[in-house]
Amino acid sequence: MNIVIRKDQWINLAIIASALWFIWFASTHFDKYTVRILNNIAIFTILAVSYNLINGVTGQFSLEPNGFVAIGAYVTALLLLDGDAKEYQYDIEDPYPWVLGLQANFVWALFFAGTFSALLALTLSFPVFRVRGDYLAIVTLGFGFIIRILAINNPEITNGSLGLNDIPEFSNLYWTGGVAILAVIGILNVVNSKYGRAMKAVRDDEDAAIAMGVNTFKIKTFAFCTSAFLEGVGGGLLAALLTSISPDLFTFFFTFQLLIIIVLGGLGSTTGAIIGTVLVIGGAEWMRFLDEPMNFGLFETPAMPGMRMVVFSIILIFVMLFAREGIMGKRELTDLFKRKGKK
Amino acid sequence: MILELKGVTKKFGGVTAINDTTFTVNSKEIYGLIGPNGAGKTTMFNIITGNYQATEGEVLFRSEKLNGLKPHTIVRKGIARTFQNIRLFKTMTVMENVLIGFDFQANYTYLESIFRFPRFFGEEKRIRKRAMEILDYFGIAEFADTKATDLSYGQQRKVEIARALATNPALLLLDEPAAGMNPAETKELATLIRSAREDFDLTVLLIEHDMKFVNQLCDKVLVLDYGKTIFEGKPADAIQDKEVVAAYLGDFAHD
Amino acid sequence: MDFLEFTQQLVNGFSLGSMYALIAIGYTMVYGVLRLINFAHGDIMMVGAFLGYFGMAVLGLPFVAAVLLAVVGSASLGMLTDKVAYKPLRDAPKISLLITAIGISFFLENIFNVLFGGTSRAFPVPEYMEYIINAGGIIFTVASLMVPIVTLMLLAMILWVLYKTKYGMAIRALAFDVNTVNLMGIDANRIIMIVFGMGSALAAVGGIFWAVSYPSVEPMMGVLIGLKAFAAAVVGGIGSVGGAVIGGFIIGFTEVVVVAFLPEYGGYKDAFAFVLLILVLLFKPTGILGINFDKSRF
């Protein structure tokens, strides 16, 4: 039978407890460099599991993350910096009075970051999901560009290309890890509900889903806005981690990284998204050497910045051609413990 | 009178797929739409389900006009359908496929599912119980957690019908349900449809090629040829009608 | 704004629009036969531009030879991409194809970045192209005159191929129904490869024109141009070659005219294509020449 099983609940609680313990342990025992990487992994986990919701679970190809993460980062930064800090650093143009007045504590800042992103996603949903077609990808790609252009061309709000600096460093493993845990739980709760079922139905066969009474426009919008919300929150956490943001941080490569993460982990699997994040973010650190000059003993190669990106794209193409299901396919961790019926 | 089509015409550009068709399906009838390939039967279905809009004419369901309504709305009014080439959700289990049919009847909101309010658990339990009952009825309860596409063709057909029944329809549209089945399976299907009609209080409209199946099952048939109605009445009489035979002559010659 | 200035901008817009149109045709044709947005298409344009640069600056070829090199090189690359990366995924879910296309796009951008560096290289424009003609106050360079003329010639050629040849008919048939085409004994895969070849060749020409008009090439040049060209294809009516051209001209004109007459919005010039795209999706999703592809899936 398929009702909530006792055994599953215990496993879930155990996983959460271990994660919480790990957060405490890492914060108190690991060195700064490792903690920095773990913070990154936590934030990217939030981004990956939400990106996976629209792309993998609902099957709607989207390139939205860099746009919404940028929005979340800027909203949070503007709310965390106080009036004096803003007056001091806005060099291109003086900030608008209302910009100076923006202030909120960290929790509200993150909440507004997420909500504002979700609202923007809602407005994008109308032209895009109303129409049958693959326009989501192009529109979200363009959206990311537009956000950057807006950030650069409105220095009274964003300080233009100079970006915002000296953002209070609120993010630590408790915040990033904590939000990551909540995000994963939230997403899994959606997936294991009628909404998640409907999203998968839209992915598998949209016309059949409609024939079963699913309001596919509504479902796609829910998925998209949820992704946007969490991406906004993730952006806020990122801003408070890096303490410095600028338009150049949120380029298409940002989205591309997330794409590799969810494809590698298994498009449609939340567990896969987590695994993918650890592998790619951890791996990217490890792969830094590719950008440097390398000594192979017999010969040396010069510094090739961008070689990392070439390797990333080759990995992506390979996975798509030869291992399309990624590591987890569409399965979750709990599916591995089930041995029912056939396959 | 459950379903009424009045003067329905459907044109695609220069082609007239359905030409001024009028018929009525009465409550609890099993009504067959038959005709050679390309006669416009599936198009007729698509107009009833709202996937196509009739160029002219009206479609009335329980005296309510369906023209202009969106497909998912029409489903919620009580019309469900299956597809000619079984379209189950490939990545989901049998149970999940059937649950999709119930989902618009489950009363909890998006936020309630994220935060796992009590209503979520109550509603999920309720629809899972009902889903199990339907699977039981079709004799496939044991496959509830199996991936839908792992089942045999005949079983998949049952899942599809179960899924359609989950939407609690008053009218069930079956598109060539016996396609690809051998005589034994066909007979079983006919029995199943007849009992489902009683037990689920259904009216059935079906498209079929298999005349034996139609004979066994249908109370009335409508014969279409190139979008035009050439006969309406009992299946036994249809086979005798000259025009029907002429239209089908090509088909019979190949059988 | 006086008449002279307006006409001047018109000419500039024509030039820019032509380049978008050439690239948009490739997008629209591939979308027509495969329902795929070939993200790598803008980068194929970049490769064409680079091949032209390579031909002229490194190999010292005359202009026409360099163009030929670019066209043949890009067409081959386009067909190769289809054969190696898209064809194996013909039956896969659409999203796999789109992701692969992004992967190819990213790969091309970065491999060129690694090999040639990210800084722009100046394209050696042949002297006669920079020769200035003054027609009653309106200033053209030969280049800005040549671009639209050649574009229209190429467009005529494409339309002739599509409507007067056997292959063209097969391409148009493919846009409507893959299965029927296969049943009629035409190898759909071969037709698709031809489409890639044609689209990529045109993109290469567009790339060379771009390199001549804004004389520089750099690995990321295909990104923004590609995005706008796709928007142009949608605005004009996706799947329609005429639509791609109309869309290209509309986007080109808008960019030039707004920058010239509303300079305070200059920083937003790259956003117009996107705004037009959203507007079209809101009010007439099938685009200006509106072909509706939604044939029955039932």
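Is one or more of the residues making up the stretch C:62-76 open to solvent by 20 Å² or more (accessible area, probe 1.4 Å) and within 10 Å of another protein chain (Cβ to nearest Cβ)?
Taking the stretch C:62-76 as the starting set, the residues that turn out to be open to solvent by 20 Å² or more (accessible area, probe 1.4 Å) are C:62-65, C:67-69, C:71-73, C:76.
Narrowing further to those that are within 10 Å of another protein chain (Cβ to nearest Cβ): none.
For the stretch C:62-76, residues open to solvent by 20 Å² or more (accessible area, probe 1.4 Å) and within 10 Å of another protein chain (Cβ to nearest Cβ): absent.
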Checklist entry - Tally time: how many residues in the stretch A:205-261 are over 27 Å from B:Tyr52 (Cα atoms), of a type in the set (D, E, K, R) and at pLDDT below 95? => result 1
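When the stretch A:200-213 is examined, which residues are found to be open to solvent by 20 Å² or more (accessible area, probe 1.4 Å) and facing chain B (nearest Cβ under 7 Å)?
Answer for the stretch A:200-213, where residues must be open to solvent by 20 Å² or more (accessible area, probe 1.4 Å) and facing chain B (nearest Cβ under 7 Å): A:Lys200, A:Asp204, A:Asp205, A:Ile210.
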Checklist entry - Any chance the stretch C:90-103 includes a residue that's among the hydroxyl-bearing types (Ser, Thr, Tyr) and open to solvent by less than 10 Å² (accessible area, probe 1.4 Å)? => result yes
Item to check | Qualifying residues in the stretch B:96-131 (those that are open to solvent by 10 Å² or more (accessible area, probe 1.4 Å) and in contact (Cβ under 8 Å) with a residue 60 or more places away in the chain) - the one farthest from the other protein chains (Cβ to nearest Cβ) | outcome: B:Gln105
Checklist outcome for this item: All-but-one check, C:Thr254 against (1) open to solvent by less than 10 Å² (accessible area, probe 1.4 Å); (2) away from every other protein chain (no Cβ under 12 Å), failing number (1)
Checklist entry - Restricting the stretch B:143-160 to residues that are closer than 19 Å to B:Leu189 by Cα and not hydrophobic (A, V, I, L, M, F, W, C), which is nearest to the other protein chains (Cβ to nearest Cβ)? => result B:Glu160
Checklist outcome for this item: By residue number, the members of the stretch C:142-187 that are over 19 Å from C:Val241 (Cβ atoms) and at pLDDT 80 or above are C:Val142, C:Ala143, C:Ser144, C:Leu145, C:Met146, C:Asp187
Checklist outcome for this item: When restricted to B:Thr16, B:Thr82, the only residue open to solvent by less than 30 Å² (accessible area, probe 1.4 Å), more than 8 Å from chain A (Cβ to nearest Cβ) and either at pLDDT below 90 or under 16 Å from the mean Cα position of the chain (by Cα) (or both) is B:Thr82
Item to check | Filter result (open to solvent by less than 30 Å² (accessible area, probe 1.4 Å), of a type in the set (A, V, I, L, M, F, W, C) and at the interface with another protein chain (Cβ under 7 Å from one of its Cβ atoms)) within the stretch C:104-113 | outcome: C:Ile104, C:Phe106
Checklist entry - Which ones in the stretch B:54-79 are more than 14 Å from chain A (Cβ to nearest Cβ) and within 18 Å of the chain's Cα centre (by Cα)? => result B:Val59, B:Leu60, B:Phe61, B:Arg62, B:Leu66
Item to check | Residue under evaluation A:Leu110, criteria (1) touching a Gly at 6+ places or on another chain (Cβ under 6 Å); (2) not charged (D, E, K, R); (3) not in a helix (DSSP H, G or I), criterion not met | outcome: (3)
Item to check | Test: residue in the stretch A:162-183 that is buried (at least 24 other Cβ atoms within 10 Å of the Cβ), more than 21 Å from the chain's Cα centre (by Cα) and in a helix (DSSP H, G or I) | outcome: no
Checklist entry - Does A:Ala151 meet the test of being of a type in the set (Gly, Ala, Ser) and more than 8 Å from chain C (Cβ to nearest Cβ)? => result yes
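Kindly indicate which of C:Ile99, C:Ile111 is touching a Leu at 6+ places or on another chain (Cβ under 7 Å), more than 30 Å from C:Thr254 (Cβ to Cβ) and free of Cβ contacts under 8 Å to residues at least 24 places away in the same chain. Full working, then the answer.
Numbers: C:Ile111 fails: touching a Leu at 6+ places or on another chain (Cβ under 7 Å).
One residue alone meets the criteria, C:Ile99.
Is it true that B:Thr91 is among the polar types (S, T, N, Q), open to solvent by 10 Å² or more (accessible area, probe 1.4 Å) and under 18 Å from the mean Cα position of the chain (by Cα)?
On the way: among the polar types (S, T, N, Q): yes; open to solvent by 10 Å² or more (accessible area, probe 1.4 Å): yes; under 18 Å from the mean Cα position of the chain (by Cα): no.
Criteria not met by B:Thr91.
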Checklist outcome for this item: Output for Cβ contacts, cut-off 7 Å, separation at least six or different chains, first residue free of Cβ contacts under 8 Å to residues at least 60 places away in the same chain in the stretch C:57-73, second in a loop (DSSP other than H, G, I, E, B), reads C:Leu69/C:Leu61
Checklist outcome for this item: Residue set C:Lys269, C:Lys228; condition of a type in the set (Lys, Arg) and open to solvent by less than 20 Å² (accessible area, probe 1.4 Å); output residue C:Lys228
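Is it true that A:Phe126 is of a type outside the set (Ser, Thr, Tyr), closer than 24 Å to A:Phe217 by Cα, more than 14 Å from chain B (Cβ to nearest Cβ) and surrounded by fewer than 20 Cβ atoms within 10 Å (Cβ to Cβ)? Talk me through it step by step, then tell me what you get.
Working: of a type outside the set (Ser, Thr, Tyr): yes; closer than 24 Å to A:Phe217 by Cα: yes; more than 14 Å from chain B (Cβ to nearest Cβ): yes; surrounded by fewer than 20 Cβ atoms within 10 Å (Cβ to Cβ): yes.
Against the criterion (of a type outside the set (Ser, Thr, Tyr), closer than 24 Å to A:Phe217 by Cα, more than 14 Å from chain B (Cβ to nearest Cβ) and surrounded by fewer than 20 Cβ atoms within 10 Å (Cβ to Cβ)), A:Phe126 qualifies.
Just for the stretch C:193-211: of the residues that are among the β-branched types (Val, Ile, Thr) and open to solvent by 10 Å² or more (accessible area, probe 1.4 Å), which one is farthest from C:Leu155 (Cα to Cα)?
Our first condition is that a residue be among the β-branched types (Val, Ile, Thr); within the stretch C:193-211, this holds for C:194-195, C:205, C:208.
Filter once more, keeping what is open to solvent by 10 Å² or more (accessible area, probe 1.4 Å): C:194, C:205.
Numbers: C:Ile194: 16, C:Val205: 12 Å.
Looking at the filtered set, the residue picked out is C:Ile194.
The values are calculated or read from the model by the stated rules, or taken from the named source; none is laboratory data. Please read all numbers here as calculations on a predicted model, not as lab measurements. Cβ sites come from the backbone with ideal geometry, for glycine too, and all protein chains shown count toward neighbours. Side chains are part of the model used for accessible areas, which takes the heavy atoms of the whole protein and leaves out ligands, DNA and RNA. Shrake-Rupley method; radii C 1.70, N 1.55, O 1.52, S 1.80 Å.
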